[in-house]
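J.: Below: one structure in structure tokens.
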Amino acid sequence: MRWYKDKPDEGDFVVITLTDVDKNSAYADLDEYEDLTGLIHISEVSRSWIQDIRKELSEGEKTVAQVIDTEDDNISLSIKRVNDNQKRESMARWKKEQKAEKFIDELADKLGREKEELYEEIVFPMQREFGSSFHGFEIAEAREEDLKELFDEEVVEAVQDVARENINLKQEKLEGEIEIAFDQSDGVERLKEALSEVEDGVEIKYVSAPTYAITAWGRTQELAKKRMDESVKTIREKADDLDGQFEFNRA
């Protein structure tokens, strides 16, 4: 997966693959950039004193480094300045972008366009706006309006379709409780109608009259909340139209 910048900025954390390791320095490919190599001096390998880098690093090893200098296109890297949390986050982002490569292939098929076109038109804008193209797919439903500021309706719908087909959206969960009642003689029919139109990823279960449990799932908390809010709004409006009583409480 290509990155929207031609080269990283100072302070960036980058995934690297070590290519040439000698006693005092090591060279590494920057995996998120095309044809970019960085240098790691022995003083930037470990917080402890070491005599030979080869005892700490191996050619072919993949890890995370921080960019400490990009002057004159000579990229200097540091491994010792990366803590465990930064390493985990950077590796996770990189792995997700590798998964997103498949999404781009499917998106190209859906839109009938060449994959290379999509980098400039869709992938790079999502990377800039959301931090990664994977996250752009991940929040495609929860933050639909943000996508619409970047792309036309055809692209937004295609991105959402690809996300639904490839990403498990039932990860985050929100729970609540609704009370809904109708005093009319056809109250049961009115109740069924009021509860008939909820969002995908939302489930309603009977507890005891007039109480029902409502649960919304989403890939992110944002998506789960959006689904919960929209379903509650729909049920409330239906209950009002059908002359019923409605209350909602978040768990």
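The values are calculated or read from the model by the stated rules, or taken from the named source; none is laboratory data. Bear in mind that the values here come from a model prediction, so they are computed numbers and not experimental data. All Cβ positions, even for glycine, are placed from backbone atoms using ideal geometry, and neighbour counts span all protein chains on display. Heads up: the accessible areas ignore ligands, DNA and RNA and are worked out on the full protein's heavy atoms, side chains in. Shrake-Rupley method; radii C 1.70, N 1.55, O 1.52, S 1.80 Å.
J.: Could you list, in sequence order, the residues of segment 182-224 that are open to solvent by 80 Å² or more (accessible area, probe 1.4 Å) and out of contact with any strand residue (DSSP E or B) (no Cβ under 9 Å at 6 or more places or on another chain)?
T.: Correct list: Ser185, Val188, Glu189, Lys192, Glu193, Glu197, Asp200.
J.: Which one of these is touching a residue at least 40 places away in the same chain (Cβ under 8 Å), more than 31 Å from the chain's Cα centre (by Cα) and at negative phi: Leu191, Leu174?
T.: One residue alone meets the criteria, Leu191.
J.: Would you mind stating whether Ala92 is closer than 14 Å to Val15 by Cβ, free of Cβ contacts under 8 Å to residues at least 24 places away in the same chain and small (Gly, Ala, Ser)?
T.: yes
J.: Another question, if that's okay. Would it be correct to say that Asp243 is free of Cβ contacts under 8 Å to residues at least 12 places away in the same chain and either among the acidic types (Asp, Glu) or more than 22 Å from Ile139 (Cβ to Cβ) (or both)?
T.: For Asp243, the condition - free of Cβ contacts under 8 Å to residues at least 12 places away in the same chain and either among the acidic types (Asp, Glu) or more than 22 Å from Ile139 (Cβ to Cβ) (or both) - is not met.
J.: Is it the case that Asp84 is farther than 28 Å from Asp200 by Cβ, out of contact with any strand residue (DSSP E or B) (no Cβ under 8 Å at 6 or more places or on another chain) and without any contact (Cβ under 8 Å) to a residue 60 or more places away in the chain?
T.: yes
J.: In addition: Only one residue in Glu138, Glu61, Glu120 is closer than 20 Å to Asn168 by Cα and either in contact (Cβ under 8 Å) with a residue 60 or more places away in the chain or open to solvent by 50 Å² or more (accessible area, probe 1.4 Å) (or both). Which one?
T.: Glu138
J.: Now for a separate question. Mind checking which residues of segment 66-93 are more than 14 Å from Thr19 (Cα to Cα), surrounded by 14 or more Cβ atoms within 10 Å (Cβ to Cβ) and hydrophobic (A, V, I, L, M, F, W, C)?
T.: Matches in segment 66-93: Val67, Ile68, Ile75, Ile79, Val82, Met91.
J.: Quick check on segment 225-251: of everything there that is in contact with a helix residue (DSSP H, G or I) (Cβ under 8 Å, 6 or more places away or on another chain) and in a helix (DSSP H, G or I), which residue is most open to solvent (accessible area, probe 1.4 Å)?
T.: Lys238
J.: Take segment 94-115 and flag every residue that is surrounded by 15 or more Cβ atoms within 10 Å (Cβ to Cβ) and within 24 Å of Leu57 (Cα to Cα).
T.: Within segment 94-115, Trp94 is the sole residue that qualifies.
J.: Residues in segment 147-164 that are loosely packed, with under 15 Cβ neighbours inside 10 Å and over 18 Å from Glu199 (Cα atoms): how many?
T.: So the count comes out to 5.
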